[in-house]
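Visitor: Below you'll find the structure I mean.
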Amino acid sequence: MVSHLDHVISKAVPNLLAIAIGEEGDQQAEAQDAFKHIKKNATEETLRSIFSAVPSSLANTTTVGRDFVVPFFKTLQNSDGNSASSVARSLASVLKSGSWNTRGTAIELAHIYSKYRNTFPQLIYDTISDLILVALDEKIHSEVCIPALDLVVLVSNDDKCFDEIKRSLPQFILLLEHERLRLPAVRLISLLAQDNNVRKAILSQTISLST
């Protein structure tokens, strides 16, 4: 049974998290300290509130807020995979716009949530197309683009993700022309090349680029 205190804390979580991530100065520090105390005795309702509040709290992410929220969620245990999946779907919209700091934080959180993908496969399917778009946009800050590529590599062993990723093979090959993106691009292309059809496509594009 949910206590009155748990209910009050859960209601306060969205505003408190927005301050911890997006504000600056004393208020931000106090909000971050409050979350450290909340985490120690967090109930399932509180955890659901924290996870659900993440996407809407990322809009004004500061560097200090990013440095707080990513380690915080790495240690936050969430047994409710459905909550995690809901957050992942919301993160997809964050990936489409926002500052590089906001999008970079969203990618790091998606990386954390990807640990649920074997139990709740829909979790990563809801973000993979947007991750690919970010990974392929060389105009985006490298602190966003490279982690996006790394996450695409991580989930490429999933059959459904693999099929989605290989559709963008020609664009991934073009990333080899950019020195800062070359290493993660090579890792991804090497994984994709395990598929016979992909190997043929790579050979065909290599020949066309060299003529």
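The values are calculated or read from the model by the stated rules, or taken from the named source; none is laboratory data. These numbers were taken from a predicted model, which means no experiment stands behind them. Surface areas here come from the heavy atoms of the whole protein model, side chains and all, with no ligands, DNA or RNA. Shrake-Rupley method; radii C 1.70, N 1.55, O 1.52, S 1.80 Å.
Visitor: I need the full set of residues from region 94-109 which are within 11 Å of the chain's Cα centre (by Cα) and open to solvent by 10 Å² or more (accessible area, probe 1.4 Å), in order please.
Guide: VAL94, ARG103, GLU108
Visitor: Run down PRO147, PRO184 and say which single residue is within 19 Å of the chain's Cα centre (by Cα) and open to solvent by 30 Å² or more (accessible area, probe 1.4 Å).
Guide: After applying the criteria, what remains is PRO147.
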